[in-house]
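> Have a look at the structure that comes next, please.
Just so it is clear, none of the values below were taken in a lab; they were calculated from the coordinates. All of these numbers come straight from a predicted model, not from anything done at the bench. Neighbour counts are summed over all protein chains in view; Cβ atoms, including those assigned to glycine, are modelled from backbone coordinates with ideal geometry.
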Amino acid sequence: MKKIILIVFLGILTIPGISQIESAKLQASGLTCAMCAKAVYSKLESLPFVDKIDTDLNGSAFLLDFKQGVPVDIDAIKNKVEDAGFSVAMLDLNASFHEVAVKKDEHINYHGLVLHFMGGKEQTIHGDKTLRVIDKHYTTAKEQKKFNGLTDMECFKTGVAAACCAKNGKGASERIYHVMIN
Amino acid sequence: MKRLLIFACVLFFGTAEGQELYVFTGPASNMPAGAGGLKYAAKLLEASDGRTDQRHMLEWQMGFSKKWMTHVSTSVSNMYGDYLRWESVRSYTQYRFLSIDDVHKHFRAAAFAELAYSVNSPRYDELSLDGDQSGVSTGIILTQLLHKLAVSSTLSYTLSLQDRIEHMGIHNYNYNAFNYSLSAGYLLFPRKYNGYGQTNFNLYLELLGSRALDKQAGFVDLAPAVQFIFSSSTKFNLGYRFQLAGDMQRMANNSFLVSIERTFLNVMNRKNK
């Protein structure tokens, strides 16, 4: 019986595409009141991969726990905040890694997502890490200016593989999320 | 008492931060996409013969997208007759075309258009599409939120589309007007949030003006108001509006407004994307 449980458990861990982004901290911008925050909460709650949300009303921040095994759609989170009438000021993803080599301007496939690491040194990451999404519309306009000089690659401007990264088996319209390790 | 209230409002606004869910006007921000809202409002004023005139309005609000919302409303009143009777329908639509957000801040701009049909025969220079007259109106709203303080301005043009009747042999009613407002709102309580269930208390002070474009007449009103928001979804508003200066022929120079409004999030089905 123990063996069966162990096999099932290991099987779950190794299913390709299973979400390893466990949680996220999102700060919304453009609001101060609880009524506005409730609109954001209600939108985020409708996402199929969101398990639980804790709200920090004073900081306009939302702590999202994701469901195990359900792929996380990062753009859907941003779209929900915008549907509520507001914007994303910051999105930090908490994800676990197992000996993943990353370097500046390198793309890695991470459980169905293409991540582009920006600004950091060449390293092998292991264990729980916090990744800040720094794409356009994921930071305030003021913050975004700081990130613009980090790369010359076109994908940072477009958010998709497009001309600069469509090679290596990626389609031109493939979404690339630009992240920094916190 | 009136002066004391104004002083209190100015004092609070002067110290800092507020809200933009104005009682007499609206902000450039829209309701959430997919949300609905139901509003009941009553306007009460003392008529020239000393009786209390009243108007009751019911409005349904829809947020079709993050940038576009529409309101439809209908009203009954005894302002143009001896008894309460149905008098008008109105449609209002707003499109937010600019949104610059920062943490606890935003600057937004929206354009709106309004169309109203009323069975009333206008007797006054003041143009109002809230049940008094048939007409169209269009304008822009600019809103700045800075922490707990929100300041907003609305600039609009209103055109009456109604056949005029002569009153006392004089045919001098106003056909179109330029309207302007400057509103400030302040979130007074809670000072610190600890949940969606906390009752919020907002203070408002609005300056509401109108200038006739086809005759020499205008007014400027001041309108203090208070607002309670229960469970982050139901607003209760109480406001008083009085004329500061003006030479326009109006139904009344002052009035009370009481309204209650409930927002229903996610009433329209949208894909979870």
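> Amide H to amide H, which residues 5 or more places from A:ASP56 or on other chains are under 5 Å from it, using H placed in the peptide plane?
For A:ASP56, whose amide H was placed from the backbone, the distant partners under 5 Å are A:ALA61, A:PHE62, A:LEU63.
> Assigning unit charges at the beta carbon (Lys, Arg +1; Asp, Glu -1) and nothing else, what dipole magnitude in debye, to the nearest 20, does segment A:13-124 show about its Cα centre? Intermediate results must be reported in sequence, preceding the final value.
Values: 10 positive and 15 negative charges, 27 e Å.
Value, rounded to 20: 140 debye.
> Additional query: Along the charge dipole of segment A:50-161, Cβ charges K/R +1 and D/E -1, which of A:HIS126, A:GLY112, A:GLY149 sits furthest on the positive end?
The residue sitting farthest along the positive end of the dipole is A:GLY149.
> Work out the mean other chain Cβ neighbour count within 10 Å for the residues of B:25-33 and drop it here as an integer. Present the calculation step by step, with values, prior to reporting the outcome.
On the way: counts 0, 0, 0, 0, 5, 1, 3, 12, 8.
That average works out to 3.
> Could you tell me which residue out of B:GLY135, B:MET79, B:PHE64 lies farthest along the dipole of chain B toward its positive end? Charges go on the beta carbon: Lys and Arg +1, Asp and Glu -1, centred on the Cα centre.
So the residue we want is B:PHE64.
> Putting +1 on Lys and Arg Cβ atoms and -1 on Asp and Glu Cβ atoms, find which of B:TYR92, B:LEU115, B:LEU159 reaches farthest to the positive end of the dipole of segment B:66-209.
B:TYR92
> Can you sort B:VAL258, B:VAL76 from fewest to most other Cβ atoms within 10 Å of each residue's own Cβ? Could the numbers behind the result be given before it?
Values: B:VAL258 14, B:VAL76 17.
Listing B:VAL258, B:VAL76 from fewest to most nearby Cβ atoms yields B:VAL258, B:VAL76.
> Further question: Quick check: the distance between the Cα centres of segment B:197-273 and segment B:34-54, to the nearest angstrom?
11
> For the pairs A:LYS80/A:LYS104; A:LYS38/B:LYS105; A:LYS52/A:LYS146; A:LYS157/B:LYS148; A:LYS157/B:LYS67; A:LYS146/B:LYS105, flag any whose C-alpha to C-alpha distance is greater than 27 Å.
Details: A:LYS80/A:LYS104 30 Å; A:LYS38/B:LYS105 17 Å; A:LYS52/A:LYS146 32 Å; A:LYS157/B:LYS148 34 Å; A:LYS157/B:LYS67 24 Å; A:LYS146/B:LYS105 20 Å.
As for pairs spanning more than 27 Å Cα to Cα, those are A:LYS80/A:LYS104; A:LYS52/A:LYS146; A:LYS157/B:LYS148.
> No solvent, one uniform scatterer per C-alpha: report log10 I(q)/I(0) for segment B:125-226 via the Debye equation at q = 0.12, 0.14, 0.20, 0.21 1/Å, two decimals.
-0.55, -0.67, -1.02, -1.08
> Let me ask something additional. Under 16 Å from the Cα of B:LYS43, which aspartates and glutamates turn up, not counting those fewer than eight places away in the same chain?
Here the aspartates and glutamates satisfying the reach criterion relative to B:LYS43 are B:ASP53, B:GLU59, B:GLU87, B:GLU126, B:ASP130, B:ASP132, B:ASP221, B:GLU261.
> If you plug each phi of segment A:98-105 into the Karplus form 6.51 cos²θ - 1.76 cosθ + 1.60 with θ = phi - 60°, what whole-Hz ³J(HN,Hα) values come out, in order, with x for Gly and Pro?
Coupling constants for segment A:98-105: 10, 6, 9, 7, 10, 8, 3, 6 Hz.
> Another question, if that's okay. Determine, for B:THR199, B:THR263, the number of other Cβ atoms within 10 Å of each Cβ, and report the residues in order from fewest to most.
Working: B:THR199 14, B:THR263 24.
Ascending number of Cβ neighbours within 10 Å: B:THR199, B:THR263.
> Compactness ratio of chain A: Cα Rg over 2.2 N^0.38 Å, N = residue count?
1.09
> Still on this structure, I have one more. Rounded to whole Hz and in sequence order, give me ³J(HN,Hα) for segment B:91-107 from the Karplus expression 6.51 cos²θ - 1.76 cosθ + 1.60, θ = phi - 60°, writing x for Gly and Pro.
My calculation for segment B:91-107 gives 10, 10, 9, 9, 10, 8, 10, 9, 8, 10, 9, 9, 4, 6, 9, 6, 10 Hz in order.
> Neighbour counts of other C-beta atoms within 10 Å: give me A:CYS165, A:CYS36 arranged from fewest to most.
Values: A:CYS165 20, A:CYS36 24.
Least crowded to most crowded, the residues run A:CYS165, A:CYS36.
> Right, another one. I need the shape label for segment A:81-155. Rule: rounded when a/c is under 1.5, else prolate if a/b > b/c, else oblate, with a, b, c from the alpha carbon gyration tensor.
Numbers: a/c = 2.19, a/b = 1.43, b/c = 1.53.
The shape class here is oblate.
> Starting at the first residue of segment B:71-83, write each ³J(HN,Hα) from the Karplus equation 6.51 cos²θ - 1.76 cosθ + 1.60 with θ = phi - 60°, in whole Hz, x for Gly and Pro.
10, 10, 8, 9, 9, 10, 7, 10, 6, 10, x, 7, 10
> Calculate, in whole percent, how much of the Cα-Cα pair population of chain B lies beyond 36 Å. Numbers along the way, then the final one.
Numbers: 4982 of 37128 pairs.
Everything past 36 Å amounts to 13 percent.
> Mind checking Rg over Rh on the protein assembly as shown, alpha carbons, Kirkwood formula for Rh?
Working: Rg = 26.9 Å, Rh = 24.7 Å.
Using only Cα positions, Rg/Rh for the protein assembly as shown is 1.09.
> How big is the dipole moment of the protein assembly as shown about its Cα centre under a simple scheme where the beta carbon of each Lys and Arg is +1, that of each Asp and Glu is -1, and everything else is neutral? Debye, nearest 20, please.
Details: 49 positive and 43 negative charges, 196 e Å.
So the dipole magnitude of the protein assembly as shown works out to roughly 940 debye.
> Quick one: of the DSSP bridges fully inside chain A, what percent are antiparallel, nearest 5? It would help to have the intermediate numbers written out before the result.
Numbers: 37 of 41 bridges.
In chain A, approximately 90 percent of DSSP beta bridges are antiparallel ones.
> Moving to a separate point now. Per residue of the protein assembly as shown, what 222 nm ellipticity follows from adding -39500 (n - 2.57) for every DSSP H run with n ≥ 4, rounded to the nearest 500? Walk me through the numbers before you get to the answer.
Numbers: 7 runs with 64 residues, N = 455.
That calculation yields -4000 deg cm²/dmol at 222 nm.
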